[in-house]
Amino acid sequence: MGQQVDNDLLGEDGNASAGGDQHQFGGVWTRIKLEALEKYLGAFNTALSKQHFTRIYVDAFAGTGRCDIKVNGEKQSIDGSARRALAANPGFHKYHFIELLPRKLDALKSLAEDHPDKNIEIVQSDANTALKLLCTQYQWCNERAVLFLDPFGMHVEWTTLEAIAKTGAIDVWYLFPYAGLYRQAAKNADALDAVKESSLSRVLGTDAWRQAFYVQKRQTDMFGGDDGDERNADHREMLDFVSERLKGLFAAVTAPKVLYQGGDSKNPSGAPLFALYFAASNRNPKAFGLATKIAKDILDTL
Ligand SMILES: C[S@@+](CC[C@H](N)C(=O)[O-])C[C@H]1O[C@@H](n2cnc3c(N)ncnc32)[C@H](O)[C@@H]1O
């Protein structure tokens, strides 16, 4: 994986600034995640259109409404999540777009001006802060929401997911930073510094990953000292750990669709970069059963 991709995707320090303000190109994974989201938004609004609920769309890493991608060396510009959500028909009653960078907020504001008929709220904030607040802003009795979590890297805190799950009313599409996870959980535990450790714990909501991923190296050095720990969990096992964590929090979670750097959906190539999850927070079996069936069907056809 090139340095550019590393910097763009991994956010090694897990900070909000990790995405940077330089231009970012997506790839084949961008198209796949956006198609999944778009299909789900259509199905969600249709399924709830005969019910009394206020339908809300929340884009926590909203971007600009457009995405530049490079696929097989060819640059393209495609509609991003915010634009696709606004195009959903039937539409949502309310849209929340959260974004940190001022330049992107300007683009979102002009997108909102192009849609005067839509109820759009644009928030300049760190997604975690804004989402925790948003979860307390509604009663979640008469509201149902779809939330898109689309960070560049290790930005979504576990405590944010807890607040979302607690609402019992938000369906989540979470583009989990798979490459961020396995890069931060270094093969040799000596390379794990405090920043990486706290980033992993913040995203996974526990420090149990340490025991789950690492074992003490058997070999001792020539002076009888130990050789430190080594990660024995492979990438897949690490992702299984993530899935189990999410399943413990949400009412239902689909198996993740792993998105790769190259190829296409059916014949991927290159490094696995992200894992796309759908999670339902509604604890009513009929509600989460239908939501996950729709999401699974979408993921299967991508
Ligand atoms: C992968 S892009 C989102 C793309 C967008 N969902 C789309 O489809 O067009 C991630 C976005 O998150 C923003 N961002 C980075 N850190 C953030 C944070 N802590 N809170 C909110 N937004 C953040 C970046 O500026 C960037 O626009």
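The values are calculated or read from the model by the stated rules, or taken from the named source; none is laboratory data. Not measured: the values here are computed from a predicted model. Don't worry about glycine lacking a Cβ; one is built from the backbone with ideal geometry, like all the others, and counts go over all protein chains shown.
See the values below:
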| quantity | calculated |
| --- | --- |
| Pairs with Cβ under 6 Å, 6+ apart, first in region 39-53 and buried (at least 18 other Cβ atoms within 10 Å of the Cβ), second in a loop (DSSP other than H, G, I, E, B) | 41/88; 45/88; 45/90 |
| Residue match in region 265-273 (condition: part of a loop (DSSP other than H, G, I, E, B), in contact with a Lys or Arg (Cβ under 9 Å, 6 or more places away or on another chain) and either of a type outside the set (Val, Ile, Thr) or crowded, with 21+ Cβ neighbours inside 10 Å (or both)) | yes |
| Candidates 114, 106, 150, filtered to the one that is within 13 Å of the ligand (Cβ to nearest atom), at negative phi, of a type outside the set (Val, Ile, Thr) and surrounded by fewer than 17 Cβ atoms within 10 Å (Cβ to Cβ) | 106 |
| Residue tally, condition surrounded by fewer than 16 Cβ atoms within 10 Å (Cβ to Cβ) and away from the ligand (no atom under 16 Å from the Cβ), over region 86-103 | 3 |
| Residue selected from region 41-85 under the condition among the acidic types (Asp, Glu) and more than 21 Å from residue 160 (Cβ to Cβ), by the criterion farthest from the ligand (Cβ to nearest atom) | 74 |
| Flag for residue 56 being under 22 Å from the mean Cα position of the chain (by Cα), crowded, with 20+ Cβ neighbours inside 10 Å and not small (Gly, Ala, Ser) | yes |
| Number of the condition not met by residue 186 [criteria: (1) without any contact (Cβ under 8 Å) to a residue 24 or more places away in the chain; (2) closer than 22 Å to residue 272 by Cα] | (1) |
| Breaking point among (1) more than 30 Å from residue 197 (Cβ to Cβ); (2) surrounded by 14 or more Cβ atoms within 10 Å (Cβ to Cβ); (3) at pLDDT 95 or above, for residue 71 | (3) |
| Region 153-182, residues that are out of contact with any Leu (no Cβ under 7 Å at 6 or more places or on another chain), away from the ligand (no atom under 13 Å from the Cβ) and farther than 14 Å from residue 279 by Cα | 159, 181, 182 |
| Selection from region 199-216 of residues that are in contact (Cβ under 8 Å) with a residue 60 or more places away in the chain and surrounded by fewer than 20 Cβ atoms within 10 Å (Cβ to Cβ) | 202 |
